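Reviewing the structure listed below.
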Amino acid sequence: MKHFLPSSAQRVWTSSRNKSAVGKNVLYFDFKDLKESVKSLEEIDVLFLLRPPDIADVKKYFVPLIKACQQLGVKHIVFLSVQGADTTSYIPHAKIEKLIVASGINYTFIRPSYFMQNLTTILLGDIKTRRRIFLPAGNAPFLWVDVEDVGRAIAEILKDVSLHQNKIYTITGDDLVPFGDVAKMISDELNEKVKYVSPSLARFYRVKRKQGLARGYIMVMIMLHYLPRFQKLPQVSTDFKTVVHRNPGSLKEFIKGNKYVWV
């Protein structure tokens with residue numbers, strides 16, 4: 001969460017679920033303890049909102065949060081959404097966007113495409129230990145973006161939200177690449193074969209459960225990687241360059257700069 005005052009008198013608050021961490025520039029906030037957490041909104045003019053991956057019940061968590069924002073005078077919400085939220089009404093991000101618009105609070109929505117950092121986080125284990133990318137994505141192309149570029153866009157917007165009032169920015173890179181090609185790009189950097197395997201949904205589910213992933217998390221991975229096979233191609237956006245005044249990073253540069261992670 002962030003609190004901004006006009007001109008040079010800016011103050012930034014971060015939030016923590018650890019009450020012992022609360023202090024000079026840290027406020028308490030935990031989605032699973034909203035009754036206590038929303039008190040922190042009394043200090044907030046501008047809220048940066050990011051949905052944790054394990055929090056998907058919009059009615060339970062986000063309806064009371066947005067209502068508290070209305071009651072406590074939050075003036076602007078910058079929400080990290082996802083590309084396609086405007087056309088995929090069943091995902092939590094789309095429902096949260098609608099809540100914010102209906103609240104009457106000024107907003108800025110950031111809709112990033114598929115994160116390059118998934119290769120170094122949720123897909124890291126398979127790439128590093130099994131030398132494979134194991135996803136039910138078929139040959140669907142994904143539009144890749146560096147999370148650092150998403151952060152740069154958000155930081156620029158938070159400098160002066162009045163310039164971005166009730167605007168929506170889709171933040172993407174320029175690389176529309178399927179996972180088979182990504183596996184080859186990683187193979188070329190490592191000088192070692194990394195294969196791409198696109199299993200059936202049943203096999204994917206069984207393997208990931210055996211690896212210890214929670215059912216809900218597996219369903220999120222399926223939604224993220226399987227559904228794009230049946231959707232329109234994501235569109236490259238120039239919004240990042242408009243906001244940050246530079247070109248986004250490339251997937252090739254990201255793989256080259258992070259190859260040590262997979263060694």
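The residue of segment 206-231 that is surrounded by the fewest Cβ atoms within 10 Å (Cβ to Cβ), among those that are without any contact (Cβ under 8 Å) to a residue 60 or more places away in the chain and among the charged types (D, E, K, R), is Lys210. Looking across segment 63-80, the residues that are out of contact with any Gly (no Cβ under 9 Å at 6 or more places or on another chain) and not hydrophobic (A, V, I, L, M, F, W, C) come down to Pro64, Lys67, Gln71, Gly73, Lys75, His76.
Report yes if Val12 is in a loop (DSSP other than H, G, I, E, B), in contact with a strand residue (DSSP E or B) (Cβ under 7 Å, 6 or more places away or on another chain) and either aliphatic (A, V, I, L, M) or more than 30 Å from Lys232 (Cβ to Cβ) (or both), otherwise no. No: the conditions fail for Val12.
Number of residues in segment 70-101 that are more than 15 Å from the chain's Cα centre (by Cα), part of a loop (DSSP other than H, G, I, E, B) and within 19 Å of Val161 (Cβ to Cβ): the value is 4. Restricted to segment 15-38, and to residues there that are part of a helix (DSSP H, G or I) and either buried (at least 18 other Cβ atoms within 10 Å of the Cβ) or at pLDDT 90 or above (or both), the residue that is nearest to the chain's Cα centre (by Cα) is Phe31.
The values are calculated or read from the model by the stated rules, or taken from the named source; none is laboratory data. Keep in mind the model is a prediction, meaning the values are calculated, not measured. Counting neighbours? That spans all protein chains shown, and the Cβs are built from the backbone with ideal geometry, glycine included.
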